Amino acid sequence: MNIQENVDLKAHSTMRLGGKAHYLAEADSETRVKNLVNWANTRNLPVIMIGEGSNIIWQDEGYQGLVIVNKIPGIKIAAEDDKNLTIKAGGGEMWDKIVEWSTNKNLTGIEFLSRIPGYVGAAPVQNIGAYGAELSDVLVELEAYDTNLRKFVTLANKDCAFAYRTSRFKTVDKGRFLITSVTIKLAKSSPKPPFYESLQNYLDEHKIRDYSPRTIRQAVTEIRKIKLPDPSVVANNGSFFTNPIINKLKYQKLKADFPEIKGWGHSDGQIKIAAGWMVEKAGFKDFHDKKTGMGTWWGSALVMINEEARTTADLLAFKQKIVSKVYEMFGIILEQEPELLP
Ligand code: NAP
């Protein structure tokens, strides 16, 4: 079965922290996923599926079960007509490879999600999003092994409980489904403004007026190079906190104290505010904490980096420092975006 024992999980998280997995194996097909789950079931071991580890933080205790690394490949055309092209991508493909493939074919729908790290199979879990676009806008359905029903299932978009940076895979059904493929519908057209201010500013500064999937991908890639350190060079998990959604009254009170605070209308009249702005305001941009070995990135306060931390306990201590200071200043408790496992 080619199952490794006592594997260091640091290599399976871009934050490079955490203990060991009792067992770890790669799966490059659905059959292999099923066989591995059966192997674990007969030994009464829990199973977890991961991708690149770009949105995971492992506990120092490690994982006393079987970790399956999704390596299922493939990009296939599932349907095509005059207006759209629908593709089915293997859960083990790099997400950004799918974006590059689609923008090279001049297809619109996921170009705003350029350079988001991680594998395709992990993308639905947090309903990845950027610049106002999110995976749930284009996802048709996905296939997964349902560990409750012990069989492969197809879940339509409406069955995934997608919401802002979340889904049933992150909440009520955490750990239940091992996502093996994702089907997305892209359009044979061009992205339409208005775009996010930061993106529009970049496009204007660079005199880019031809808004094609490819030009948007290039622009987003360039902006993100500054905002996000390359995880192969600087250990990080991308944005560490999600943007809080608050009620109007709370927002008005904050606006009175901090006139420069920015808010955007969200669902049900709620307001979304930028977590990165609060972390920066709390003094944590380009911050380097000697005590824990953790820090924040110079290009974005929202990105926590592991400079020389040894344990996840160090990371959590530093996170708490930020959360406490932000709470003291704004009365808002920041929520962590990467999943703490197990
Ligand atoms: P930005 O454009 O400087 O904006 C800061 C924050 O304000 C963002 O978090 C964004 O919310 C919000 N925002 C800005 N313009 C908005 C608008 N017109 N309508 C609604 N909300 C608006 O942000 P940035 O840090 O450079 O990031 C740009 C995009 O990339 C964002 O969408 C961000 O989520 C995404 N991103 C994701 C990751 C990740 O690891 N997941 C890392 C970096 C950036 P939203 O975040 O809700 O869009």
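Here is how the numbers come out for the structure above:
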item: Label-to-label distance, nm, for residues given as Arg310 and Asn6 (7 Å Cα→Cβ offset); result: 2.0
item: Inverse mean reciprocal Cα-Cα distance (Kirkwood Rh) of the stretch 135-250, Å; result: 17.6
item: Interchain or long-range residues, amide H under 5 Å from Glu26's placed H; result: Val69
item: Relative counts (whole %) of C-alpha pair distances in the stretch 235-341, using bins that are 5 Å wide; result: 2, 13, 23, 24, 17, 10, 7, 3, 1
item: Phi-based couplings in Hz for the stretch 118-125 (Karplus 6.51, -1.76, 1.60; Gly and Pro marked x); result: x, 9, 4, x, 8, 4, x, 4
item: Normalised contact order of the chain, rounded percent, pairs of Cα under 8 Å and 6 or more residues apart; result: 16
item: FRET efficiency estimate (nearest 0.05) - Cβ-Cβ, Glu260 to Glu328, R0 25 angstrom; result: 0.85
item: Linear extension gain, Tyr196 paired with Thr166, 0.36 nm per residue minus alpha-carbon span; result: 8.7 nm
item: Semi-axes of the equivalent ellipsoid for the stretch 4-70, Cα gyration tensor, largest first, Å; result: 20, 14, 8
item: For the stretch 204-260: rounded, prolate or oblate by the Cα gyration tensor [a/c cutoff 1.5]; result: oblate
item: For the chain, accessible area per residue (1.4 Å probe, heavy atoms of protein chains only), Å²; result: 47
item: Under Karplus coefficients 6.51, -1.76 and 1.60, residue-wise ³J(HN,Hα) of the stretch 57-68 in Hz, glycine/proline x; result: 10, 8, 5, 5, 6, x, 10, 8, x, 10, 9, 9
item: Per-pair calculated FRET efficiency, R0 = 22 Å: Ile245 and Ala156 via Cβ, rounded to 0.05; result: 0.25
item: Solvent-accessible area, 1.4 Å probe, carbon plus sulfur percent, for the stretch 75-187; result: 47
item: Value of Rg/Rh across the chain [Cα atoms, Kirkwood radius]; result: 0.97
item: Sparse-neighbourhood loop sites, GluC sites (Glu not before Pro) in the stretch 239-342 - DSSP loop, at most 16 other Cβ within 10 angstrom; result: Glu260, Glu307, Glu308, Glu335
item: Residues with amide H under 5 Å from that of Thr180, placed H, sequence gap 5 or more; result: Glu143, Ala144, Tyr145
item: Candidates Phe195, Phe169, Phe112: whichever shows maximal mean-square fluctuation once the chain is modelled as a Gaussian network with Cα springs under 10 Å; result: Phe195
item: Long-range HN-HN contacts of Thr166 with modeled amide H, under 5 Å; result: none
item: Cβ-defined net charge surrounding Glu5, 13 Å radius [Lys, Arg +1; Asp, Glu -1]; result: +1
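The values are calculated or read from the model by the stated rules, or taken from the named source; none is laboratory data. Because the structure is predicted, anything quoted here is derived from the model rather than measured. Reconstructed Cβ throughout: ideal geometry from the backbone, glycine too, with neighbour counts over all protein chains shown. Heavy atoms of the whole protein, side chains included, go into the accessibility calculation; ligands, DNA and RNA do not. Shrake-Rupley method; radii C 1.70, N 1.55, O 1.52, S 1.80 Å.
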